[in-house]
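Reviewing the structure listed below.
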Amino acid sequence: MTTVTPDLLREWRHAFHRQPETAFEEHRTSARIIEILSEAGIEMVTGLGGGTGVVAWVDGRHDGDGAIGLRADIDALDVNEASDAPHASRIPGKMHACGHDGHTTMLLGAACCLAQSPDFAGRVYFIFQPAEENEGGGRVMVKEGLFERFPMQAVYGVHNWPGLPVGEAAVHDTTVMAAFDVFRLTLTGHGCHAAMPHLGKDVVLAACQLVNQLQGIVSRETPAHQTAVMSVTQFHAGDAYNVMPEAVELCGTVRCFDPELRQRLEARFKQAIEATATFHGLSADIDYQSRYPATFNSPDHAQRCADVLTALPDIRQVHRDLPPSMASEDFAFMLQQRPGAYIWLGNGENSAALHNPHYDFNDELSPLGVAYWCALVRTLLGQS
């Protein structure tokens, strides 16, 4: 059996951090997860979620037919790490900039602890999910039949939260994270010499106007009580000082919470592009993709999580009134299928932001995460 200690958790986490792997490429990460679970004598199914996902389970020593799922994301990001830490990424251009190395470590620790002391009734599933960042590994696992193959009544998730002190947590009754859409737009006109712009169709001018116009859809058409964000994050055009380019490409994201608003924003986005393109005599090619739904907790399950956190001796405060985040989370696909809750655990007041090249998961958080998972299981799957 594996004895879980803070030093062992740190060792696991640093090893994951040194070898980050991005969406659906988490082969080394998956292999290490399998190795740790195997050493603890835990049963599992591998090769899920496009090939790198793992679902393991532990049965309680007491009779019971209840079952819950605990989920951790395992993928990294395409970010160059700006750190001189001994455990810094050894893979150029990739790093664990969102703390999934820590999430994986906490769930592995909980699995090993519960396998060693299965003082509960029923079964707990441990879901190690690939490709949370942008590519929807949670959606893939659901489509593959996650909840049919591994029947569970509820499912739970955790994310570390920079700015919130270690020892504090946040639990939302309903809305936690925003829906996530992406777009790629190409405007095509007619290139010409920059000294004679009247001979061409200026895609740069049109694109600049469009970036400003799109903000009006949020600031002037979206009701003030409904939150939305529309951000152009990429602008690609031209190769020379004296050439008006033939085409420009814009990319970005749209986020909100309300499903009806989400549809309206997409419709108005496309109308604005068509109108701008027509006015400037351009053609427009729009690729608009709805990626993740908004993440909503079930209020009663959120309350159970809050009660468990409040009872933990190392949790000083459980926030129930923090605003939801405009970031997104594909755990939403699992919460569409089963009730449950997604909570935040503080990563430290001085932590760099998520997706920042200076970010690092706080190792002080790992034992707290393990304690939370174990307490949640023993509370929800008490002796029957």
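Worth pointing out:
Condition check ((1) at pLDDT 95 or above; (2) β-branched (Val, Ile, Thr)) across all residues:
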residue: Ala170; (1), (2): yes, no
residue: Phe183; (1), (2): yes, no
residue: Ala194; (1), (2): yes, no
residue: Val204; (1), (2): yes, yes
residue: Thr222; (1), (2): no, yes
residue: Gln226; (1), (2): no, no
residue: His236; (1), (2): yes, no
residue: Val248; (1), (2): yes, yes
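- Any chance Lys143 is under 30 Å from Tyr288 (Cα atoms), of a type in the set (D, E, K, R) and touching a Pro at 6+ places or on another chain (Cβ under 7 Å): no
- Members of the range 3-43 found to be under 19 Å from Val58 (Cα atoms) and in contact with a Leu (Cβ under 8 Å, 6 or more places away or on another chain), listed by number: Ile33, Ile36, Leu37
- Identity of the residue in the range 187-236, surrounded by 15 or more Cβ atoms within 10 Å (Cβ to Cβ) and of a type in the set (D, E, K, R), that ends up farthest from Gly281 (Cα to Cα): Asp202
- Residue within the range 338-349 that is more than 26 Å from Gln209 (Cα to Cα) and aromatic (Phe, Trp, Tyr) present: yes
- Any hit, the range 262-270, residues being part of a loop (DSSP other than H, G, I, E, B) and surrounded by 19 or more Cβ atoms within 10 Å (Cβ to Cβ): no
- In the range 201-217, the count of residues that are touching a residue at least 12 places away in the same chain (Cβ under 8 Å), of a type outside the set (D, E, K, R) and in a strand (DSSP E or B) is zero.
- All helices (runs of 4 or more DSSP H) inside the range 75-184 with 3 or more residues being of a type outside the set (Val, Ile, Thr), in the same structural domain as Met44 (by TED's automatic domain parsing) and crowded, with 17+ Cβ neighbours inside 10 Å: 100-116, 137-143
- No other residue among Ala284, Ala332 is closer than 25 Å to Gly163 by Cβ and touching a Ser or Thr at 6+ places or on another chain (Cβ under 9 Å) apart from Ala332.
- Contact map, the range 95-124: first residue of a type in the set (Ser, Thr, Tyr), second residue assigned to a loop (DSSP other than H, G, I, E, B), Cβ cut-off under 7 Å, separation 6 or more or different chains; pairs are Thr104/Ile74.
- Residue check, Phe333 assigned to a helix (DSSP H, G or I), in the same structural domain as Val171 (by TED's automatic domain parsing) and either modelled with pLDDT of 95 or more or crowded, with 18+ Cβ neighbours inside 10 Å (or both): yes
The values are calculated or read from the model by the stated rules, or taken from the named source; none is laboratory data. Quick caveat, the model's predicted, so the values are computed rather than measured. So basically every Cβ, Gly included, is an ideal-geometry build from the backbone, and we count neighbours across all protein chains shown.
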